[in-house]
Amino acid sequence: MSSTIVVVGSINMDLVVRTDEIPNIGETVLGNELLQIPGGKGANQGVSMAKLGNEVIFLGKVGNDEFGDKLLNSMKNAGVNIEHIEREYTSTGVAVINVDKKGNNNIVVIPGANQKVDGDYLNRHISVLEKGDVVVFQLEIPIETVKEGLKIAKSLGKITVLNPAPAYDLDEQIIENVDILIPNEHELGRIAKRNIDTKKSLVDAANVLLEKGVKEIIVTLGSKGVCYVNKDGYKIFDAYKVEAVDTTAAGDSFIGGFVSSYIKDKNIDKAIDMGQKAAALTIQKIGAQSSLPTIDEVENFNG
């Protein structure tokens, strides 16, 4: 019997501005093009997992507008089960992303309908959470909804995964219901309330959260790879060396690859490697969902 992943999260239309350089405050620069690309951390992760051959059910909301139509079509075409996504009489979430010629970016997110993903919505869809073997969350929906969702998922005996992005202060009721936490260095430092500037400070920060109930912590370090920490110690995994075109959705792609592999045999090392391959493929293309690899691309990747 195949496993099912439930993703609870955000759905955004990414308005990507390609430019030679990202402007400083008060500065105007000329852009090269404007692209509309389906995104949102939750939707990116769901699409990533579906493209990697998993059964994915998505919980979230879009607005009653043209962006909502396009986003639902994109997710459906990727193989995500969208039947439980609700539409609100408001605007769909939007992210405005500036990308420079080196692949660096900055992002402004306008949540729109994502703000309407609340506890009542989750409780109406408990039957969906019951179907999942793994339930995945991020922080582009209201924090109280994430707290409620993690609590429900744990009470149902599910494996819970939290990508704490964008960075946010998390209370202990959230942390204690997370099995696998996947932050970057900045997010880990904020949650653990520690400065991270060395490998030791990173591991110390992770240990603070392990003591509060998290079982495994996987810290994404960009071009420096990944650091995995659990109660037995830590391990560094080097990144695959590729030419970055656009780093948008690299973290989402990593999570897609990781969860896709982990759900099959619970092998952390293998799952991290698949996440790294997926991320390496993603950063070689422009955009969010448009850059996410298929299972064939990951299996044929030679880093």
Filter the stretch 180-211 down to the residues that are among the acidic types (Asp, Glu) and more than 27 Å from residue 106 (Cβ to Cβ), then identify the one that is surrounded by the fewest Cβ atoms within 10 Å (Cβ to Cβ).
211
Listed by first then second residue, the pairs whose first member lies in the stretch 216-228 and is among the aromatic types (Phe, Trp, Tyr), whose partner is crowded, with 21+ Cβ neighbours inside 10 Å and assigned to a helix (DSSP H, G or I), with beta carbons under 8 Å and at least 6 positions apart or on separate chains, are 228/272
Go through the stretch 84-127 residue by residue and tally those that are touching an Asp or Glu at 6+ places or on another chain (Cβ under 8 Å), hydrophobic (A, V, I, L, M, F, W, C) and farther than 24 Å from residue 248 by Cα.
1
For the stretch 261-298, what are the residues that are in a helix (DSSP H, G or I), buried (at least 21 other Cβ atoms within 10 Å of the Cβ) and among the small types (Gly, Ala, Ser)?
261, 271, 275, 278, 279, 280, 291
Restricting the first residue to the stretch 113-134 and requiring it to be assigned to a loop (DSSP other than H, G, I, E, B) and among the β-branched types (Val, Ile, Thr), which pairs with a second residue that is surrounded by fewer than 19 Cβ atoms within 10 Å (Cβ to Cβ) and at pLDDT 95 or above meet a Cβ separation below 7 Å and a spacing of at least six or different chains?
117/142
Here is a list: 201, 223. Which entry is of a type in the set (S, T, N, Q), in a helix (DSSP H, G or I) and modelled with pLDDT of 95 or more?
201
Consider only pairs whose beta carbons are under 6 Å apart and that are at least six residues apart or on different chains; among these, list those whose first residue lies in the stretch 43-70 and is free of Cβ contacts under 8 Å to residues at least 24 places away in the same chain and whose second residue is in a loop (DSSP other than H, G, I, E, B).
none
Residue under question is residue 165, and the condition is that it be outside any loop (DSSP other than H, G, I, E, B) and either at pLDDT 95 or above or aliphatic (A, V, I, L, M) (or both); does it hold?
no
Looking only at the stretch 97-154, count how many residues are surrounded by fewer than 20 Cβ atoms within 10 Å (Cβ to Cβ) and of a type in the set (A, V, I, L, M, F, W, C).
7
Hey, residue 177 touching a helix residue (DSSP H, G or I) at 6+ places or on another chain (Cβ under 7 Å), crowded, with 17+ Cβ neighbours inside 10 Å and free of Cβ contacts under 8 Å to residues at least 60 places away in the same chain or not
yes
Cβ-Cβ distance below 7 Å, separation of 6 or more or different chains: which pairs start in the stretch 94-106 with a residue that is modelled with pLDDT of 85 or more and end on one that is charged (D, E, K, R) and part of a strand (DSSP E or B)?
95/14; 97/14; 99/18
Identify all residues within the stretch 155-174 that are surrounded by fewer than 19 Cβ atoms within 10 Å (Cβ to Cβ) and of a type in the set (A, V, I, L, M, F, W, C); write none if there are none.
156, 167
Any chance the stretch 184-198 includes a residue that's hydroxyl-bearing (Ser, Thr, Tyr) and modelled with pLDDT of 95 or more?
no
Please determine whether any residue of the stretch 15-30 is in contact (Cβ under 8 Å) with a residue 40 or more places away in the chain and within 20 Å of residue 143 (Cα to Cα).
no
Check residue 46 against each of (1) more than 18 Å from residue 141 (Cβ to Cβ); (2) outside any strand (DSSP E or B); (3) at pLDDT 95 or above and name the one condition it does not meet.
(1)
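The values are calculated or read from the model by the stated rules, or taken from the named source; none is laboratory data. The shown structure was predicted, so the numbers you read here are calculated from the model rather than taken from an experiment. Because the Cβ atoms are built from the backbone with ideal geometry, glycine has one as well, and the counts that use them run over all protein chains shown.
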